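Chemist: Here it is: the structure, laid out below.
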Amino acid sequence: MEESRIAFLHRLINSPSPSGFEQRAQQVIREEMQHYTDEQRTDVHGNVIAALNPNANPRVMLTAHCDELGFLVRYIDEKGFIYFATIGGFDPSTLPGERVQIHTANGPILGVIGRKPVHLLQGDERGKAPKLSEMWIDIGVSSKEEAQGLVTIGSIATRAAQLETLRGDLVVSRALDDKSGVFTVVEAMRRLYEQREKLKAGVFFVSAVQEEVGLRGAHTSAFGVDPLIAVAVDVTYTSDHPQTSKHEIGDIRLNGGPVISIGGRINPRVYQMLINAADEAGIAYQIDPQASGTGTDTDVIQVSRAGVATGLVSIPCRYLHTGSEIVSLKDIDEIAELLSRFVLALDAQTNVIP
Ligand SMILES: [Zn+2]
C-alpha cells in the first residue's frame with residue numbers, strides 16, 4: 001500500500017478518540033474526506049457524514065466506527081496517583097504495566113498503569129485477573145498538587161501504543177478496532193471518487209461515534225442518512241492462533257481476505273452482491289455465519305426507520321481490545337476494492353427485497 005495512505009492511517013491512530021471524545025479523530029477524517037466527496041457534515045453526536053453524488057438513488061451508506069477504548073480520569077490521590085474509569089470493554093488482565101497517554105490541553109502526559117508486583121500477590125490473587133479498582137495511573141509525580149498541575153479530572157487517556165509494521169503485510173497497534181475499518185472505508189471512497197463517472201448510486205460515508213459503548217452513532221447516523229442499503233466495516237476475531245476454536249467460530253484467518261457475514265442481520269441480496277463483487281475481482285473471501293446478532297453497528301442500522309438492507313464485511317484481527325491488535329494491509333486493500341466494486345454495481349433498478 002502507498003506511503004501516503006499509510007501516513008493517513010498513522011495520523012488517524014495518533015488522534016485519540018475514546019467513545020464520547022472522538023473530535024480529534026473526526027477532524028482528521030473530515031479533512032481527508034474533503035478530497036473524495038461532494039459535501040461533508042457533522043451531526044450533533046459527532047458522526048462525520050460525507051457524501052459523493054448525494055442526490056442519486058439508491059442511497060448507500062458505507063460506515064465504520066472511529067471510537068476506541070480509553071480511560072477517564074476520576075480521582076487523584078494524595079501522592080498523585082490517578083484513578084480512572086474505563087471506556088469500553090477491557091480485559092483487565094491486559095492493563096498492568098501498559099503505558100498510557102493522558103490527553104490534556106497542553107499535550108499528552110505519559111503514564112503507566114500500576115498494580116502491586118507479582119512478588120506481593122497473596123495465595124489466590126496470583127493467577128487471577130486484577131480488578132480495575134486495584135490499578136491506577138502513575139505519571140511520575142510525588143504529590144496531588146503536582147499531578148493536578150498536569151491533569152484535570154475528566155481528562156481522557158488511551159494506551160500509548162502506536163502503529164508499527166509487524167512483518168510483511170501485518171501491522172500492529174492499539175485501536176485498529178475500528179480505525180482500520182474507517183481507513184478501509186475512506187480507501188473505498190477514494191477509489192469511488194476516482195471512478196465517479198461510472199457511479200450511479202448516492203454514497204454516504206459515515207465515521208460513526210460511540211460503537212464501543214452501545215452502537216450509538218450508527219443508530220442516529222443511519223436515521224439521518226436514511227439509506228436503502230448500508231455496509232459496515234468492523235474488525236473480527238480469528239481462529240488462526242492458539243486457544244481459539246474453528247468448531248465454535250469457524251475458519252477465519254489473517255490474510256484470508258474479506259470476512260463477509262451471513263445471517264438474520266444481513267440482507268440476503270446485499271450478501272449475494274458482496275460475494276459477486278469479490279468473485280468478479282478475483283478476491284478470496286471468508287464467510288462468517290452469525291445466527292443472531294453480529295455485535296456490530298450493522299445490528300442497529302438494520303432496524304433503522306422502516307428497515308435498511310444491511311451487509312457486514314470484517315477485517316480479520318488478532319488480540320482484539322488489547323494494545324497490540326494485528327491486522328493485514330492486504331485484507332484491508334481487498335475489502336476497499338470489494339466495497340468500491342459493490343457500490344459501482346448499484347443503480348436505480350437494484351432490488352434488495354428478499
Ligand atoms: Zn471493539
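Chemist: Please report, in debye to the nearest 20, how large the charge dipole of region 40-187 is about its Cα centre when each Lys and Arg carries +1 at its beta carbon and each Asp and Glu carries -1 there.
Modeler: I would put it at about 60 debye.
Chemist: Continuing with this model, one more query. Say we join alpha carbon atoms closer than 10 Å with springs in a Gaussian network model of the chain; which of Ile29, Ile249, Ile137 then has the biggest fluctuation?
Modeler: Ile249
Chemist: Turning to a different aspect of this structure: Counting only C-alpha contacts under 8 Å and six or more residues apart, can you give the relative contact order of the chain as a whole percent?
Modeler: Answer for the chain is 22 percent.
Chemist: Now, a different point. Evaluate the Debye formula for region 70-159 with equal point scatterers sitting on the alpha carbons, no solvent, and hand back log10 of I(q)/I(0) at q = 0.21, 0.22 Å⁻¹, in q order, two decimals.
Modeler: -0.99, -1.06
Chemist: Could you calculate the contour length gain from Ala7 to Lys116, that is, 0.36 nm times the residue separation minus the distance between their Cα atoms, to one decimal place in nm?
Modeler: 35.4 nm
Chemist: To continue, here is another question. Considering only protein heavy atoms and a 1.4 Å probe, what is the carbon-and-sulfur percentage of the accessible area of the chain? Walk me through the intermediate numbers first.
Modeler: Values: 7690 of 15520 Å².
C and S fraction of accessible area: 50 percent.
Chemist: Turning to a different aspect of this structure: Which value, in debye to the nearest 20, gives the size of the charge dipole of the chain about its Cα centre, when Lys and Arg are +1 and Asp and Glu are -1 at the Cβ?
Modeler: 260 debye
Chemist: Let me know the charge dipole size of region 105-172 about its Cα centre in debye, to the nearest 20, where only the beta-carbon of Lys, Arg (+1) and Asp, Glu (-1) is charged.
Modeler: 200 debye
Chemist: Roughly what % of Cα-Cα distances in region 139-268 sit above 18 Å, to the whole percent?
Modeler: Tail of P(r) above 18 Å: 72 percent of Cα pairs.
Chemist: Still on this structure, I have one more. Rank by packing, highest mean first: peptides 169-182, 234-247, 333-346, with packing defined as the count of other Cβ atoms within 10 Å averaged across residues.
Modeler: Those peptides, ordered most packed to least, come out 169-182, 333-346, 234-247.
Chemist: Label points 7 Å out from Cα along the Cβ direction at Glu280 and Asp43: separation in nm?
Modeler: Computed distance between label sites Glu280 and Asp43 equals 3.0 nm.
Chemist: OK, next. Over the Cα atoms of the chain, what Rg and Dmax result, in angstrom?
Modeler: Using the Cα atoms of the chain, the pair Rg, Dmax is 21.0, 69 Å.
Chemist: Which order, highest average first, do 212-222, 107-117 follow once you tally other Cβ atoms within 10 Å for each residue and take the mean per peptide? Each step should come with its number before you reach the end.
Modeler: Details: 212-222: 21.9, 107-117: 15.9.
Answer by packing, highest mean first, reads 212-222, 107-117.
Chemist: Next question, about the same structure. So how far, in whole Å, is the C-alpha centre of region 193-217 from the one of region 5-54?
Modeler: 11 Å
Chemist: Which one, Ile137, Val182, Ser155, projects farthest toward the positive side of the charge dipole computed for region 112-193 from Cβ point charges (K/R +1, D/E -1)?
Modeler: Val182
Chemist: Which order do the peptides 260-267, 74-81 come out in when sorted by mean C-beta neighbours inside 10 angstrom, highest first?
Modeler: 260-267, 74-81
Chemist: By how many nm would the segment from Lys79 to Ser324 grow when fully extended, if each residue of separation counts as 0.36 nm and the alpha-carbon distance is taken off?
Modeler: 85.1 nm
Chemist: Given the pairs Lys116/Lys144; Lys128/Lys330; Lys200/Lys330; Lys179/Lys200; Lys131/Lys330; Lys198/Lys246, which span a C-alpha to C-alpha distance of over 30 angstrom in this model?
Modeler: The pairs that break the limit, which is 30 Å between Cα atoms, are Lys128/Lys330; Lys131/Lys330; Lys198/Lys246.
Chemist: Net charge around Tyr36, counting only other residues with Cβ within less than 10 Å of its Cβ (Lys, Arg = +1; Asp, Glu = -1)?
Modeler: -1
The values are calculated or read from the model by the stated rules, or taken from the named source; none is laboratory data. In this text the structure is predicted, and so the values were computed from the model without any measurement. FYI the Cβ positions are ideal-geometry reconstructions off the backbone, even for glycines, and counts take in every protein chain you see. We work out accessible area using only protein heavy atoms, side chains counted, and drop any ligands, DNA or RNA first. Shrake-Rupley method; radii C 1.70, N 1.55, O 1.52, S 1.80 Å.
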